[in-house]
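Worksheet: one structure, shown below.
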Amino acid sequence: MVIIIFCEEASGRMIPANTFGVDMTNAATPYFQVVKDNRIRFGLETFRQHPGLAKSLFHHLFPIEEKLDMTFISGYQDIDSTRVRREKLNLRRFFKINNWSNEVVWEEEMSGYFVFSTVKNVKSSAFFRYTLKMVVGHTSLYICFVHRDFLFYISSDVLDIVANAHTIRRLKDLFPEMYDTFYEDE
């Protein structure tokens, strides 16, 4: 189970990303928390079969260099321990990290604490390179990226995009044979 929560800047308290109608404390991925008009899913296998798809998709989403925030689980702590176990993420291979914050959150279902890290102002070109690495089979870290107009969730299998209905309709029109329709009506 992956739990992703975003940090509210003013108070530093962890909150859901309500801008997109997504409750990040929910175990379901953002794709399954919004109606089909506000989501689109691309299987990473599709990017392998159509090498130009990723570049074309990112060109339509980010015509110029944009900034995003990324959030991920960077560590965890058992209830009976004071030591935080950090994940070996090696994110510096992909991203320039100089503006981050950590938040420790208790997760009742898992009976433990999770350390969520948020990195601000990640370049969209770095996100694109990271996506290409996932396409060729690098280990996914289950990261969410947030842009003012989009929420991206990438795993080892899919790239999910949550946005307004107009943007999703435009992407579905641009890539009609490419996006995954398996869970379209759920």
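The values are calculated or read from the model by the stated rules, or taken from the named source; none is laboratory data. Given the structure is predicted, the values throughout are model-derived calculations rather than measurements. We place every Cβ from the backbone using ideal geometry, glycine too, and count neighbours over all the protein chains shown. Keep in mind that these areas ignore ligands, DNA and RNA; they rest on the heavy atoms of the full protein, side chains included. Shrake-Rupley method; radii C 1.70, N 1.55, O 1.52, S 1.80 Å.
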Do any GluC sites (Glu not before Pro) in segment 40-98 lie in a DSSP loop with no more than 11 other beta carbon atoms within 10 Å, and if so, which? E65
Mind checking which aspartates and glutamates have their Cα closer than 14 Å to the Cα of K172? Skip sequence neighbours fewer than 8 apart in that chain. D37, D160, D180, E184
With every protein chain left in place and a probe of 1.4 Å, what is the accessible surface of H60, to the nearest 10 Å²? 60
Protein accessible area in the chain, 1.4 Å probe - carbon and sulfur %: 49
What size of dipole, in debye to the nearest 20, comes out for the chain about its Cα centre when the only charges are +1 on Lys and Arg C-beta atoms and -1 on Asp and Glu C-beta atoms? 1020
If you roll a 1.4 Å probe over the heavy atoms of the protein chains, what accessible area per residue do you get for segment 73-142, in Å²? 63
Candidates per chymotrypsin sites (Phe, Trp or Tyr not before Pro) in segment 79-121, loop by DSSP, up to 10 other Cβ within 10 Å: none
List every residue whose amide H lies under 5 Å from the amide H of V158, counting only residues 5 or more places away in sequence or on a different chain, with H placed 1.01 Å from N in the peptide plane. L44
